[in-house]
Amino acid sequence: MSNDYIFGVTIYKGGLFLLEIFDCTYTSLEEFCLARDTIRENLQKICPKHSIQLFVAVNEAVNNAFLHGINDNKGTQVTINMLKDNDELRIAVSHNGEGFIPQYTDCSTLDQVYSESGRGIDIIKHYVDSLEYSVCGREVIMRKKLN
Amino acid sequence: MKVNFTLIDNKVVIKLEGSLFVEDALLLRTKALAYFAEGHKNFLIDLSKVDYIDSSGLGVLVSLQKRALEHQGALQLHGLTGVVLELFELTRLNKIFEIV
């Protein structure tokens, strides 16, 4: 893991806001594999009610970044940034490869249900309240209302 | 993830335990294809101790089912619960697999 690893930081702003931050960068899918349990545990602490669903969304987004977005010539970097701010959790998954915006396909249609790929985005959309892309497709931002 | 292959009445029974991630899915596919290569065409995958399957794992199950059908065989699933069942339902894969 890279040096910019922040785990479970809690910040009080004037006693009014509570922010919880998770920020970590991975340089290979193997490295991410080793960190999955930590991410699960962190999500359980940040958002126990939706932790499994949010873990599913994060895992799919990271898989997409490693499997579809990475240009190995640049050196792989996939970063997960989570920020809990009051009643919303914002999760950004970014990478340093080629930008891409996956085509959303409704995987429940008869044509798609027999497909061997293409379900990740559909699954993410099911588990978060909003999904958007930025940085020319190198970052996916997911938001979930926690209440 | 723990993966255990056994032959019962000429059916390949695959018991999975844990979470099925992309790296596990590739191994599962490779091992299952070796059984196809030996002439086996009927499979039962026990998912009762699986707590999560990612989309790569779902894709591998679809590919194995297609191969079984191409060989006039079958791939059955057993023991879908929790998030695993939810994922099958939201992707409607529960409609194309024989769940026993």
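The values are calculated or read from the model by the stated rules, or taken from the named source; none is laboratory data. Small disclaimer: the values here were computed from a predicted structure and weren't measured. A quick note on method: Cβ atoms are made from the backbone with ideal geometry, for glycine too, and the neighbour counts reach across all protein chains shown. The accessibility values were calculated without ligands, DNA or RNA, using every heavy atom of the protein model including side chains. Shrake-Rupley method; radii C 1.70, N 1.55, O 1.52, S 1.80 Å.
Of the listed residues A:Asp129, A:Asp23, B:Asp54, the order by accessible area with a 1.4 Å probe, largest first, is A:Asp129, A:Asp23, B:Asp54. If R₀ is 35 angstrom, what is the calculated FRET efficiency for the pair A:Glu41 and A:Asp111, using the beta carbon separation as r and rounding to 0.05? Step by step, r from the Cβ atoms, then E = 0.35. DSSP beta bridges fully contained in the range B:2-99 are about 30 percent antiparallel.
Near B:Ser19, the amide H atoms lying under 5 Å from its own belong to B:Asp51; only residues 5 or more places off or on other chains count, and H is placed 1.01 Å from N. For the range B:13-100, GluC sites (Glu not before Pro) meeting the loop criterion (DSSP other than H, G, I, E, B) and having at most 16 other Cβ atoms within 10 Å: B:Glu38. Available extension along the chain between B:Gln72 and B:Leu33 is 12.5 nm, counting 0.36 nm per residue and deducting the alpha carbon span.
With θ taken as phi - 60° and the Karplus curve 6.51 cos²θ - 1.76 cosθ + 1.60 applied, the whole-hertz 3J(HN,Hα) list for the range B:6-20 is 9, 9, 10, 6, 6, 10, 7, 9, 10, 9, 10, 9, x, 10, 9 Hz, x standing for glycine and proline. With a Förster radius of 45 Å applied to the C-beta separation of A:Val135 and B:Glu98, the computed FRET efficiency comes to 0.55.
If you run the Gaussian network model on chain B, springs between alpha carbon atoms under 10 Å, then out of B:Val60, B:Val50, B:Val83 the most flexible one is B:Val83.
Residues whose amide H lies under 5 Å from that of B:Ile45, counting only those 5 or more places away or on a different chain, are B:Ile14, B:Gln76, B:Leu77, B:His78; hydrogens are built 1.01 Å from N in the peptide plane. Build a GNM of chain B with springs between Cα atoms under 10 Å apart, and of B:Leu33, B:Leu64, B:Leu47 the one that fluctuates most is B:Leu33. Full extension of the segment from B:Thr6 to B:Thr81, taken as 0.36 nm per residue of separation minus the current Cα-Cα distance, would add 24.8 nm.
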